[in-house]
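Here the structure is laid out as structure tokens; the discussion comes afterwards.
The values are calculated or read from the model by the stated rules, or taken from the named source; none is laboratory data. Given the structure is predicted, the values throughout are model-derived calculations rather than measurements. We place every Cβ from the backbone using ideal geometry, glycine too, and count neighbours over all the protein chains shown. Note: accessible area is taken over every heavy atom of the protein model, side chains too, but ligands, DNA and RNA are not part of it. Shrake-Rupley method; radii C 1.70, N 1.55, O 1.52, S 1.80 Å.
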Amino acid sequence: MIAIKKIKTNKRNESFLFSLISDAHIDNKHSDIALLKKHLDEAVKKNAIILINGDTLDVMQGKKDQKKTKSDLREELKGSNYLDRVVDYAFEFLKPYAKHIGIIAKGNHETSINNHLETDLLKRLVDKLNKETGSNIVLGGYKNWYLVHLQMGNFAYKYKIFMHHGYGGAAPVTKGKIQHSRIAEYIEGADVVWMGHTHTDYEHVRTIEAVNNANKMVSKNILELRTSTYKEEYFGVDTGWHIERGAGPKSLGGRWLELNVKRDDKHGIILDHKSYRM
């Protein structure tokens, strides 16, 4: 999936902010919904573009789910139409932020429901948000390119974010950084390579040599990012899959991605970027 965001400005210097969120597990009883709401409210206040990289939904309490636990079911979701209630619950939560959301991509929790129960809950959610709020959210796949087309006067720059929800286990030692090295073997041209899934948080800068449009050798910093989760599986929990497999506490929250752009009449658009925890 390729999603395109066009930004046009006549300013010579400007900054753009993105809110990177994954693994919210909105409908899970142990997710820190208050923290998620706080971060989304900050994104709206700062006029950030919200990007969501998989596992927005948890949906593990259906009657055919082997990992279901009745005690983990939210009161709002109890009923014979569990999956419908999850979509409605997520819709009401995300509705105030819909016009700031650029993409909602799929994670393994959503694709599992699609594969086993033959219903695309995320499509139902995105369609409802777009219809009811007039937003233009893109429904992403498991991997996506989010392209930001910057137009500053007569100069243009295409900023490329490669999104992959992630795969594999928790990787307690490497935190999943090896996966970024593997992706670097087959992905070219990305300014950011972003994953979630492992519920870990890090930024790694991969610096490469490149040749710019003025035929000069320059260094390019590629941000390799991993966003964590809003699902608390350690503190306040004495049993369960996370505890029983020996996993430790995880940091909660997403990351900000900041683009600082300036227009130079000789060199065109000069861009610097950085990320930091919410």
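Taken over segment 218-237, the criterion of being assigned to a strand (DSSP E or B) and modelled with pLDDT of 85 or more is satisfied by K220, N221, I222, L223, E224, L225, R226, T229, K231.
Of the helices (runs of 4 or more DSSP H) lying entirely inside segment 33-145, those containing at least 1 residues that are within 19 Å of the chain's Cα centre (by Cα), free of Cβ contacts under 8 Å to residues at least 24 places away in the same chain and buried (at least 16 other Cβ atoms within 10 Å of the Cβ) span 121-133. Write out, first by first residue and then by second, each pair whose Cβ atoms fall under 8 Å of each other, whose residues are 6+ apart or on separate chains, and whose first residue, in segment 12-31, is open to solvent by 30 Å² or more (accessible area, probe 1.4 Å) while the second is assigned to a loop (DSSP other than H, G, I, E, B) and of a type in the set (V, I, T). Listed pairs, sorted by first residue: H30/V237. If I ask for residues that are part of a strand (DSSP E or B), touching an Asp or Glu at 6+ places or on another chain (Cβ under 8 Å) and without any contact (Cβ under 8 Å) to a residue 60 or more places away in the chain, which ones from segment 159-201 would you list? K160, V193, listed by residue number. Only a single criterion out of (1) at pLDDT below 95; (2) farther than 26 Å from F93 by Cα is not satisfied by V192, namely (1).
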